[in-house]
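The structure under discussion appears below in the form of structure tokens.
The values are calculated or read from the model by the stated rules, or taken from the named source; none is laboratory data. These numbers come from a predicted model, not from an experiment. Every residue, glycine among them, receives a Cβ derived from its backbone with ideal geometry; neighbour counts consider all protein chains shown.
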Amino acid sequence: MLADGGDGLPPVSSDLSSNENAFGPSPRAVAAARASLSLPERYRESAAKELAEAIAERFGLDAGRIVVGHGSDDLLARLARAFLNAGSELVHSRNGYLKFPNYAHANDARPVPAADRCLRADVDGILACLTKRTRAVFLANPDNPSGSYLPGAEIRRLHAGLPERVLLVLDSAYAEYVDATDYEPPERLVDEAPNVAMTRTFSKIFGLAGLRLGWLYGPPLVADAVRRIGVTFPVSTPAVAAGSAALADRAHAQMVFASNGAIRRSFSEELCRLGLHVHPSQANFVLVRFDDEARPAAAAYKFLRATGIVTRRFASPAYNDHIRITLGPNRELSRAARGLAAFLTGAA
Ligand SMILES: Cc1ncc(COP(=O)(O)O)c(C=O)c1O
């Protein structure tokens with residue numbers, strides 16, 4: 001997100017608020033998007049199919065079960081529209097991805113928040129929420145804002161506890177950033193189960209947030225239902241061109257993965273040395289807790305903002321003591337760390 005310097009605040013020099021890709025997209029993706037603009041007056045009939053085939057090839061999946069859309073948000077919203085109705089329930093981790101309740105409300109369904117453990121999704125908490133009315137469980141893995149993840153064994157335990165009529169939706173927006181060895185690629189369970197779907201995005205590791213491109217992989221009936229309720233041309237020509245080129249540039253994605261992992265480690269260690277609590281993250285952001293009442297998170301946010309650095313605060317009381325910081329370029333994170341050091345020591 002790009003913010004201006006309204007409200008008498010200095011202009012934003014570092015936007016570390018929206019979990020965008022600090023390294024940008026593959027230059028080949030940008031070039032492909034530009035080149036695709038030669039016939040903007042045309043609908044591109046085959047765009048969605050071409051992209052689904054490119055995704056299938058890259059990740060070794062069945063193209064017929066892939067649905068593409070306007071960011072993974074579009075696919076999550078369509079899943080909710082296809083599977084929820086008045087009186088049905090969507091179970092989600094209480095402090096997990098904050099949009100999940102909206103998907104229920106938009107379809108007159110009831111969002112049911114499941115207890116978590118220290119902001120991390122909890123399988124038993126989710127299973128305890130199941131009722132006759134439960135239609136779907138939405139889980140972001142890794143989760144946002146906490147950056148936490150559930151290992152494959154826990155996801156399988158969750159799935160084993162669900163009746164087959166309940167759809168498990170694994171929102172895997174940050175899957176490509178994970179380096180935990182016990183994380184299981186979500187497509188494996190999708191391939192084995194009739195009631196599991198996953199959503200993925202081009203907004204994060206592929207650096208194409210502004211082009212709005214996401215995809216779903218699910219059982220044939222789920223994919224079909226979601227495809228049918230989409231708009232006629234669900235993705236734009238430049239987005240498809242960029243997405244296909246981004247998929248092909250494996251070296252760029254690998255560079256982003258490795259750089260993000262290194263920065264995640266070093267930045268987390270730096271903030272820990274300042275006495276802050278950093279939730280272990282598997283994503284491209286870290287959630288930071290401020291335990292000193294004299295130096296609270298809200299003041300830290302304002303302090304950084306006054307130096308042009310924007311981070312993210314959340315309205316939910318569970319996040320009162322936290323700010324979330326997107327892992328930006330090294331130079332910007334060094335500034336953020338220096339700013340936090342000055343804030344904590346009162347040296348500013
Ligand atoms: C967990 C999670 N899911 C889904 C999304 C939606 O991403 P997009 O619609 O850009 O694919 C986001 C965006 O930040 C996210 O954090």
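Let's see how each residue does on (1) within 16 Å of the ligand (Cβ to nearest atom); (2) over 24 Å from SER172 (Cα atoms); (3) assigned to a strand (DSSP E or B); (4) among the hydroxyl-bearing types (Ser, Thr, Tyr):
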| position | (1), (2), (3), (4) |
| --- | --- |
| GLU50 | no, no, no, no |
| ALA56 | no, no, no, no |
| LEU76 | yes, no, no, no |
| LEU79 | yes, no, no, no |
| ALA82 | no, no, no, no |
| GLY87 | no, yes, no, no |
Only residues in the range 40-68 that are within 23 Å of LEU79 (Cα to Cα) and in contact (Cβ under 8 Å) with a residue 24 or more places away in the chain count as the first member; pair them with residues that are exposed (fewer than 14 other Cβ atoms within 10 Å of the Cβ) and hydrophobic (A, V, I, L, M, F, W, C), Cβ under 8 angstrom, at least 6 apart or cross-chain, and list the lot.
-> ALA47/PHE233; ALA48/PHE233
Residues of the range 298-338 satisfying the condition of being among the small types (Gly, Ala, Ser), over 22 Å from GLN282 (Cβ atoms) and surrounded by fewer than 21 Cβ atoms within 10 Å (Cβ to Cβ) = ALA298, ALA299, ALA306, GLY308, ALA315, SER334
For the range 60-74, how many residues meet the condition of being in a helix (DSSP H, G or I), more than 15 Å from the ligand (Cβ to nearest atom) and surrounded by 15 or more Cβ atoms within 10 Å (Cβ to Cβ)?
-> 2
Collect the residues in the range 155-210 that are under 22 Å from ALA77 (Cα atoms) and among the polar types (S, T, N, Q), keeping them in residue-number order.
-> SER172, ASN195, THR199, THR201, SER203
Result of the Cβ filter at 7 Å on the range 333-345, keeping first residues that are closer than 24 Å to ALA22 by Cα and partners that are buried (at least 21 other Cβ atoms within 10 Å of the Cβ) and polar (S, T, N, Q), at least 6 apart or interchain, is ARG335/SER14; ALA336/SER14
Kindly indicate whether LEU213 is within 16 Å of the ligand (Cβ to nearest atom) and touching a residue at least 12 places away in the same chain (Cβ under 8 Å).
-> yes
If you check VAL137 against the conditions, is it in contact with a His (Cβ under 9 Å, 6 or more places away or on another chain) and without any contact (Cβ under 8 Å) to a residue 24 or more places away in the chain?
-> no
Would you check which residues across the range 196-222 are more than 16 Å from the chain's Cα centre (by Cα) and either modelled with pLDDT under 95 or surrounded by fewer than 21 Cβ atoms within 10 Å (Cβ to Cβ) (or both) and list them?
-> PRO219, PRO220, LEU221
Output for the range 22-57, where each listed residue is surrounded by 17 or more Cβ atoms within 10 Å (Cβ to Cβ), within 30 Å of ARG227 (Cα to Cα) and touching a strand residue (DSSP E or B) at 6+ places or on another chain (Cβ under 9 Å) = ALA47, ALA48, LEU51, ALA52, ILE55, ALA56
Can you pull out the residues in the range 192-203 that are out of contact with any Phe, Trp or Tyr (no Cβ under 6 Å at 6 or more places or on another chain) and either within 11 Å of the ligand (Cβ to nearest atom) or touching a residue at least 40 places away in the same chain (Cβ under 8 Å) (or both)?
-> ALA197, THR199, THR201, PHE202, SER203
Subset of the range 165-177, residues assigned to a loop (DSSP other than H, G, I, E, B) and either within 13 Å of the ligand (Cβ to nearest atom) or not hydrophobic (A, V, I, L, M, F, W, C) (or both), comes to ARG165, SER172, ALA173, TYR174
Scanning for something in a loop (DSSP other than H, G, I, E, B), among the hydrophobic types (A, V, I, L, M, F, W, C), farther than 18 Å from ARG212 by Cα and within 16 Å of the ligand (Cβ to nearest atom), does the range 99-108 turn up at least one residue?
-> yes
Exactly one of PHE285, PHE343 is buried (at least 20 other Cβ atoms within 10 Å of the Cβ) and in contact with a strand residue (DSSP E or B) (Cβ under 9 Å, 6 or more places away or on another chain), and that one is PHE285
